[in-house]
Amino acid sequence: MGMFQLEQLDQSDSFAFPGRISRELMRVAATPIPYMRHAEFSSLVMRCEEMLLELVDNAGGRCMPFTASGTAAMEAVVAQYVGTKQKPCVLVGGGFGKRWVELCSYHGIQCVEYTVPYARDLDYEDWESFLIEQKPDVFLCQHHETSSGQLFDMERIGRVCKRLGISLVVDAISSFLSDPFSMREMGVDMAVISSQKGLSILPGLAFIFLSPALQGYEFSHSLYYFDFQENLKNLDRGQTPYSPATQLFMMLHARLLELKSMGREAEVARVRRNALAFREAIAPLGLSSNPECPSNCVTAFYVDRAWDIFMSLYAQGVYVMPGGDENLLRVSHIGYHSEEDFAKLASLLQRVLGK
Ligand SMILES: *Cc1c(COP(=O)(O)O)cnc(C)c1O
């Protein structure tokens, strides 16, 4: 008796990324595979780019899709953009900030780190003085540091970078569609997102956004698969240089049409309502919650014996995310859940915790 029998899947529910995916979208991914070089598929890819640009408010910019996970897109940005700069600076507020540093180091790029205590907000004035003293020419950060649930003030970060003439690169993987994110208003030059977070579809696609200011920029050619020039040239005709995950693109397209008709503000508001409903429902449990400024994307809280609690929920077919810190549990709010689902999850948690 395997664990993942179909009958059981119907009863299980996931609050781990990407969370619950609607049956309609799952059906789209199960339709016959289109031929990737046909004009119909090209036009689907082009419509996806257009809708994605609108969702991050990046008119006149570009959005390159890659069949890869989010980290691959981060690596492509580091190798082909950050590597062309003199002095990168990285905001390190947790595991994902550390990943920017590791990617720089892996590619032999020296960077300076600005560390924020785990789950704390930036001291914006101290950070600005650090930049004035260090004079970096590119700044890399997370909008939402998913390991702790901490959301940074991207408008403020963007204003400072602009004033100091520092190019801004943002990993918006877990803030996109959970919290307001606008490349134009925040002055972001380059942003990265991936399919299994804000878009809440299957994992496997990552996207790199270039602002209009990067039109014609001389990127380096250090990665063959991710070569920006080659990918942009293909994208002009709705193609990727190598085999795309066609089914995922079809699912993406259907999801983007949904988002287009509801509007990005409405989606952010929906995720926010779910986050608030869950936080209100667990408030009586008196759990200490983690971040200073929480993102709507996840709720992170400490429980005793977090791994046992995780396993006990798992055995009942309810998936949450352990990790990020010792005895931390995280619940994702991005999937197709309702406020009622979160109230139910809170009472299940209460039972499991014996409170
Ligand atoms: C999930 C995530 C990533 C990328 O993870 P992959 O597993 O490579 O898709 C990067 N940054 C943040 C902030 C994330 O939440």
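The values are calculated or read from the model by the stated rules, or taken from the named source; none is laboratory data. None of the values given here were measured: they were computed from a predicted structure. Neighbour counts run over all protein chains shown; Cβ positions are idealised from the backbone, glycine included.
On the basis of being within 23 Å of V82 (Cβ to Cβ), among the β-branched types (V, I, T) and either touching a strand residue (DSSP E or B) at 6+ places or on another chain (Cβ under 9 Å) or part of a helix (DSSP H, G or I) (or both), does V268 make the cut? Outline the logic, then answer.
Numbers: within 23 Å of V82 (Cβ to Cβ): no; among the β-branched types (V, I, T): yes; either touching a strand residue (DSSP E or B) at 6+ places or on another chain (Cβ under 9 Å) or part of a helix (DSSP H, G or I) (or both): yes.
So V268 does not fit the description; no.
Within the stretch 30-82, can you find the residues that are touching an Asp or Glu at 6+ places or on another chain (Cβ under 8 Å) and either under 22 Å from G198 (Cα atoms) or of a type in the set (D, E) (or both)?
D57, R62, C63, P65, G70, M74
A300 is checked against (1) in a strand (DSSP E or B); (2) more than 30 Å from L52 (Cα to Cα); (3) small (G, A, S) and fails just one. What number does that condition carry?
(2)
Scan the stretch 81-113 for residues that are surrounded by fewer than 20 Cβ atoms within 10 Å (Cβ to Cβ), within 16 Å of the ligand (Cβ to nearest atom) and more than 24 Å from H221 (Cβ to Cβ) and jot them down.
G95, K98
Listed here are the residues, each with its yes/no results for (1) more than 11 Å from the ligand (Cβ to nearest atom); (2) closer than 20 Å to V331 by Cβ.
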position: S174; (1), (2): no, yes
position: P180; (1), (2): yes, no
position: D189; (1), (2): yes, no
position: I193; (1), (2): no, no
position: F209; (1), (2): yes, no
position: Q215; (1), (2): yes, no
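Looking only at the stretch 190-246, count every residue that is hydroxyl-bearing (S, T, Y) and not in a loop (DSSP other than H, G, I, E, B) and tell me the total. Reasoning before the result, please.
Step one: filter the stretch 190-246 for residues hydroxyl-bearing (S, T, Y), giving 194-195, 200, 211, 217, 220, 222, 224-225, 240, 242-243, 246.
Then keep just the ones that are not in a loop (DSSP other than H, G, I, E, B); that gives 194, 246.
Matching residues across the stretch 190-246 total 2.
Yes or no, residue by residue, for (1) under 30 Å from M311 (Cα atoms); (2) modelled with pLDDT of 95 or more; (3) of a type in the set (A, V, I, L, M, F, W, C):
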site: G2; (1), (2), (3): yes, no, no
site: L9; (1), (2), (3): yes, no, yes
site: Y35; (1), (2), (3): no, no, no
site: R62; (1), (2), (3): no, yes, no
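Checking H143 against (1) under 15 Å from V77 (Cα atoms); (2) in contact with a strand residue (DSSP E or B) (Cβ under 7 Å, 6 or more places away or on another chain): exactly one of these is not met. Which one?
So the condition that H143 fails would be (1).
Residues of the stretch 259-270 being out of contact with any helix residue (DSSP H, G or I) (no Cβ under 8 Å at 6 or more places or on another chain) and either among the acidic types (D, E) or touching a residue at least 24 places away in the same chain (Cβ under 8 Å) (or both), which ones?
Passing the criteria: E265, V268.
Right, R184: away from the ligand (no atom under 16 Å from the Cβ), in contact (Cβ under 8 Å) with a residue 40 or more places away in the chain, in a loop (DSSP other than H, G, I, E, B) and of a type in the set (D, E, K, R) or not? Steps first, please.
Details: away from the ligand (no atom under 16 Å from the Cβ): yes; in contact (Cβ under 8 Å) with a residue 40 or more places away in the chain: yes; in a loop (DSSP other than H, G, I, E, B): no; of a type in the set (D, E, K, R): yes.
No.
Results for (1) farther than 30 Å from L202 by Cα; (2) part of a strand (DSSP E or B); (3) not basic (K, R), shown as yes or no for each residue.
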| residue | (1), (2), (3) |
| --- | --- |
| G60 | no, no, yes |
| F66 | no, yes, yes |
| F96 | no, no, yes |
| L122 | yes, no, yes |
| W127 | yes, no, yes |
| S148 | no, no, yes |
